Amino acid sequence: MIPKGLKSKTDVESFWKGFNDLKKIMGDVKMPFFRSSTSLLHLLLHIGFPCIKPDLIVMRVAKKIGIVDFEKGERNLLQSVKVIQLYSVDKDIKPSIVDLYLLIYGGQRWAMQFVTKSFYENKR
């Protein structure tokens, strides 16, 4: 069972066990689209589960800050999600908030509205 919230490292581990079980089921029944980890994360995120679906900006930041060695690849994507979930548990915030912070830091156009221009001038 996939937990609806994350309060501990055990909850994060339960999330990934449930995720892997669900992904296997989707593969077994040849479910189009949701057999993919990215699409399944996107679905779970939009129906209220504590995960993110990292885009290219988030993956670039994840590489830059040492979460992963490479921006691409399913293994790196899943590692980024898990590390962000664990950080979220540690800081008692939702993974989607961390995702927003990474989008802001990475300069995603839509997210830039949440900080002043001087944020980016001082960051470089």
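Some points to look at:
- Matching helices (runs of 4 or more DSSP H) fully within the range 1-98 where at least 2 residues are surrounded by fewer than 18 Cβ atoms within 10 Å (Cβ to Cβ) and touching a Pro at 6+ places or on another chain (Cβ under 8 Å): 9-28
- Residue count for the range 50-94, restricted to those that are closer than 22 Å to Ala111 by Cβ and among the aromatic types (Phe, Trp, Tyr): 1
- Total residues in the range 25-58 satisfying the condition of being at positive phi and in contact with a helix residue (DSSP H, G or I) (Cβ under 6 Å, 6 or more places away or on another chain): the figure is 1.
- Search result, residues across the range 4-17 that are without any contact (Cβ under 8 Å) to a residue 60 or more places away in the chain and touching a helix residue (DSSP H, G or I) at 6+ places or on another chain (Cβ under 9 Å): Gly5
Bear in mind these aren't lab numbers, they're just calculated from the coordinates by the rules spelled out. The structure displayed is predicted, hence computed values, not measured ones. Please note: Cβ atoms are built from the backbone with ideal geometry, for glycine as well, and neighbour counts cover all protein chains shown.
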